[in-house]
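Data block below; observations after.
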Amino acid sequence: MKFGYRCIILTEESTFRMVLKKGSVVVMDAFYRETWAEIDVEAIFQNVNHVRELIPGHKMLMAVVKANAYGHGDKEVAEIALQAGADMLAVAFLDEAIALRKKGIKESILVLGAVPTLHIQTALEWDVTVTAYSKAWIEEAASILGENSQLHMHLKIDTGMGRLGIRTKEELHKTMKIIASHSGFVLDGVFTHFATADELNSSYFEEQYTFFEEMVGIVKEHNFTPPMIHCANSAALLRRPNDIFNGVRLGISMYGLSPSEELKEVLPIPLKQAFSLHSRIVHVKKVKKGSHISYGATYEAKEDEWIATIPVGYADGWIRKLSNFEVLVDGVKVPIVGRICMDQLMIKLPKMYKMGTKVTFIGKQKGAEITIDEVAKHLETINYEIPCMVAARVPRVYTRDSQHIDVNNYILR
Ligand code: PMH
């Protein structure tokens, strides 16, 4: 993202217009619908900076930008995180890494998930680092890999998450022997992942940590000293910044969210939520007492009521379970009424508001706020899910110091 090159103008009652500021001024529409997510890049920058200050010495900081950077935009977040001092990036699968390469990202990218050995060649072609996660995977990889290849990889140890990784000392010894016997493997890292780092009770965490130390010891016994040894996700690094070996994998806290409700009370650094979601009233009417609203005619007006239609629906990620939730209009919480449709929903207004009035689903409006944590609580889930579930058909608008600096409209891109 070339910050400052483009300037986005938000007009009060219409969609975003993008002004290209080079030579003669060209005006073009960035998107045409009345719904958008806003990503505060300054918040992400500050969150990464605060984490940088928290971890002592020269520790590697890996920005986790999988799942389109938790819904915030992979390339945009990658660039801002790297500017803020991240050293490398992590994604879930190879396609996500290739997408970043195609968008011009040159820094090291680790795929945290399983890359089928069938696609090792592709990983090599795109200069992507893979995760070696079992003896069986290493055996297969060794049989495919040319001796002159340089497959960069991190070795994953399963210390108790039960997802991916080498689980026993015996398996690790055997795996290390295979790695040592093949010149095509480049062991850049060893890592594990905690299952309970976001809980205040740390007994399971301690067990995992101790086992990881032992497993790292075995790797070293085989005369390997991988440059990066890492175990910490956000929760682990926020709670135990001195116990992170020499690298961290920063996800949720980079986006300004607490890894759990429990940890919110004990966070050592401030976190600023970067994501907000907005729309506009596209239709407004006064309905008579007894009128019904939306599919199933489940909502019945108790009196003559102002009802507005908002172009947000479950296909945007605002799922039907949110049908009894609220939105902000003019700084006041108002209820969604009737069932949420695929592309639209209705809200009840305390008075007439004109078409084009801003409606906030997540974020601040005139001193009031709906946080991601509140939405997650309503859905009985974790905050991670909320920005992830906002669909790709919702354009992402990037802001800095309240200025709109870029737009990503995935549909028209
Ligand atoms: N490392 C690995 C291996 C991960 O799977 C994740 C997040 C992170 C680091 C970043 O964690 P954080 O966002 O808590 O900082 N993975 C997931 C997941 O699989 N489900 O929710 C979060």
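Some observations on this one:
- Filter pass, Val186 being in a strand (DSSP E or B), touching a residue at least 24 places away in the same chain (Cβ under 8 Å) and within 14 Å of the ligand (Cβ to nearest atom): no
- Residues being more than 17 Å from the chain's Cα centre (by Cα) and touching a residue at least 40 places away in the same chain (Cβ under 8 Å) - total across the range 378-398: 2
- For Gly247, the test of being out of contact with any helix residue (DSSP H, G or I) (no Cβ under 6 Å at 6 or more places or on another chain) and surrounded by 13 or more Cβ atoms within 10 Å (Cβ to Cβ) is passed.
- Scanning the range 265-292 for residues that are without any contact (Cβ under 8 Å) to a residue 40 or more places away in the chain and either outside any strand (DSSP E or B) or among the aromatic types (Phe, Trp, Tyr) (or both) returns Glu265, Leu267, Lys288, Lys289, Gly290, Ser291.
- Every residue from the range 233-266 that is more than 13 Å from the ligand (Cβ to nearest atom) and within 15 Å of Asn47 (Cβ to Cβ): Pro241, Lys264
- Test: Ile372 is among the aliphatic types (A, V, I, L, M), surrounded by 15 or more Cβ atoms within 10 Å (Cβ to Cβ) and in contact with a Leu (Cβ under 7 Å, 6 or more places away or on another chain): yes
- Residue match in the range 198-214 (condition: surrounded by 16 or more Cβ atoms within 10 Å (Cβ to Cβ) and of a type in the set (Asp, Glu)): yes
- Among the residues examined, Thr175 does not qualify as farther than 15 Å from His222 by Cα, among the hydroxyl-bearing types (Ser, Thr, Tyr) and modelled with pLDDT of 95 or more.
- Of all residues in the range 220-232, those being more than 16 Å from the ligand (Cβ to nearest atom) and either buried (at least 21 other Cβ atoms within 10 Å of the Cβ) or of a type outside the set (Val, Ile, Thr) (or both) number 7.
- Given (1) in contact with a Lys or Arg (Cβ under 9 Å, 6 or more places away or on another chain); (2) away from the ligand (no atom under 16 Å from the Cβ), number of the condition Asp74 does not satisfy: (2)
- Subset tally (residues that are among the charged types (D, E, K, R) and within 31 Å of the chain's Cα centre (by Cα)) for the range 130-153: 1
The values are calculated or read from the model by the stated rules, or taken from the named source; none is laboratory data. Computed from a predicted model, the values in this text were never measured in an experiment. A quick note on method: Cβ atoms are made from the backbone with ideal geometry, for glycine too, and the neighbour counts reach across all protein chains shown.
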